[in-house]
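Quick note: the coordinates plus some simple rules give every number you see, no bench work behind them. Values in this document were obtained by computation on a predicted structure and should not be read as measured data. A quick note on method: Cβ atoms are made from the backbone with ideal geometry, for glycine too, and the neighbour counts reach across all protein chains shown.
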Amino acid sequence: MKLSSLRAIVALFAVAVLLPLPARAQAYPDKAIHVIVGFQPGGVTDIAARVIGQKLSEAWKQQVVVENRTGAAGLVAVELVQHAAPDGYTLLVTSTDFLTINPSAFAKLPYDPDRSFTPIASLTFTPLVFVTGMTTGLNSLKDLVAAAKAKPGTVAFSSPGVGSTNHLTGELFADAIGTKLVHVAYRGGVPAAQAVVSGEVQMGIIAVSSAQPFVKGSKMKILGVASPQRISLVPDWPTIAEQGVPGFDAALRVGMWGPAGVPQPIVAKLQGEIAKALQDKGVLDHFATLGNLPAPMPLADFNAQIKGEEGRFAKVVKQEGIRIE
């Protein structure tokens, strides 16, 4: 290769690298975007990723590919995105657990919660519900509290895993009513719900979307919704707060992150389009049928919410001696 040709190639590369960020953001996206989800298809995070991904694809005329990379309580996906190029083409959609619970529950984390990711947007929240089987004799939250207090440490509840929001919600509830519950971990929300139906456990703490089909099929009963107010999807389901545990609030919160170092103009472009999607009637209607509620908020508020929940969960992790190796 001639020296002049080599210099020309180097010059072109330099121009591409040194292209001002606004110009690079203006060109974004010019290829497929990959959204990584750490949990199985059909769950709360997967639904949020696919619905928002579809709106981004429609707006930008670029393919948005949702990939389910399950394993290690969502950490497989988290690590994959952590090590991706910070160009906005590999994004993470997951629950906030990896920032609110993992720092205190895991003996060692393969990432820095404060530095390994670029926060992009809050997407949805899904209230958790307390459910029981049809033959347990528990017909209300009052019945559950009475049974748990009568024989502390004998009433068992299911969750999708050790250190999950569902698990810690159960521990927070036990603390609120002044007794002890027994936690039984399952591999995902569906197995946790099935354990309630089969009678393996007296109750379960699962997402609204996981509970609704079983309730409709008369296979389980609702004891209470862990949200401050009743939710419009199932207005006849009573809240835990209105049944004697004031202020009790627990939900699966889902957001989007990129690797550390995603340029701010690209972050802003993503935020703008996501904000539009979360106001779209079709998106709102779709979420409503599944118990997912849109949770748009300024990024500063989202980050503050995460920090607040991190402190809240750290206390219960320490109190219960929860440790994940």
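Here is the list for region 100-160: trypsin sites (Lys or Arg not before Pro) lying in DSSP coil, each with at most 11 other C-beta atoms within 10 angstrom of its C-beta, are 108, 115.
Amide H to amide H, with H built 1.01 Å from N, residue 182 comes under 5 Å of 155, 156, 157, counting only residues 5 or more places away or on other chains.
Bridging of residue 149 to lysines at a Cα separation below 26 Å is possible for 180, 219, 221, 315, 318, once same-chain residues fewer than 8 apart are set aside. Sequence-distant contacts, meaning Cα pairs under 8 Å at least 6 residues apart, place the relative contact order of the chain at 25 percent. Computed 3J(HN,Hα) for region 261-278, one whole-Hz value per residue from the Karplus formula 6.51 cos²θ - 1.76 cosθ + 1.60 where θ = phi - 60°, is x, 5, x, 4, x, 6, 4, 4, 5, 4, 4, x, 6, 5, 4, 5, 4, 6, glycine and proline marked x. Which Cα, out of 75, 94, 117, lies furthest along the positive dipole direction of region 16-175 (beta carbon charges, K/R +1, D/E -1)? Selected residue: 94. For region 177-325, compute Rh as the Kirkwood radius over C-alpha pairs and then the Stokes-Einstein diffusion coefficient at 10 °C and 1.306 mPa s; write the answer in µm²/s, rounded to an integer. Stokes-Einstein gives a translational diffusion coefficient of 87 µm²/s. Here the spin labels are modelled as points 7 Å beyond Cα on the Cα-Cβ line, and at residue 304 and residue 325 they lie 4.1 nm apart. Compute the FRET efficiency between residue 134 and residue 162 as 1/(1 + (r/R0)^6), taking r as their Cβ-Cβ distance and R0 = 25 Å, and round to the nearest 0.05. The calculated FRET efficiency here is 0.35. Taking a Cβ cut-off of under 14 Å around residue 109, the surrounding Lys, Arg, Asp and Glu residues balance to a net charge of -3, with basic ones at +1 and acidic ones at -1. Near residue 48: Cβ cut-off under 15 Å, other residues only, Lys/Arg at +1 and Asp/Glu at -1. The net charge is -3. According to a simple spin-label model (label point 7 Å from Cα along Cα-to-Cβ), what is the distance in nm between residue 197 and residue 108? Each label point is offset 7 Å from its Cα along the Cβ direction, giving 4.0 nm.
Treating r as the C-beta distance of residue 242 and residue 30 and R0 as 56 Å, the FRET efficiency rounds to 0.60. Proximity of backbone amide H atoms, modeled 1.01 Å from N, is registered between residue 260 and 117, 118 at under 5 Å, excluding neighbours fewer than 5 places apart on the same chain. Both radii were evaluated on the Cα set of the chain; the Rg over Rh quotient, with Rh as the Kirkwood radius, amounts to 1.05. Tally Lys/Arg at +1 and Asp/Glu at -1 over every other residue whose Cβ is under 14 Å from the Cβ of residue 125; what's the total? So the surrounding residues net to -3. Phi-derived couplings, Karplus 6.51 cos²θ - 1.76 cosθ + 1.60 at θ = phi - 60°, listed residue by residue for region 91-107: 10, 10, 10, 7, 6, 6, 3, 5, 10, 9, 10, 4, x, 9, 8, 8, 4 Hz, with x used for Gly and Pro. With a cut-off of 16 Å on the backbone N, the residues of region 112-137 near the modelled label site 7 Å out from residue 215 along Cα-Cβ are 126-134. Between residue 121 and 256, the built amide H atoms are under 5 Å apart, and every one of these is 5 or more places off in sequence or on another chain. Evaluating kT/(6 pi eta Rh) at 37 °C and 0.692 mPa s, with the Kirkwood radius of region 267-325 over Cα pairs in the Stokes-Einstein relation, gives 232 µm² s⁻¹. Summarised as an ellipsoid, region 127-251 has semi-axes of 18, 17, 14 Å, derived from the eigenvalues of the Cα gyration tensor scaled by 5 and square-rooted, with the largest first.
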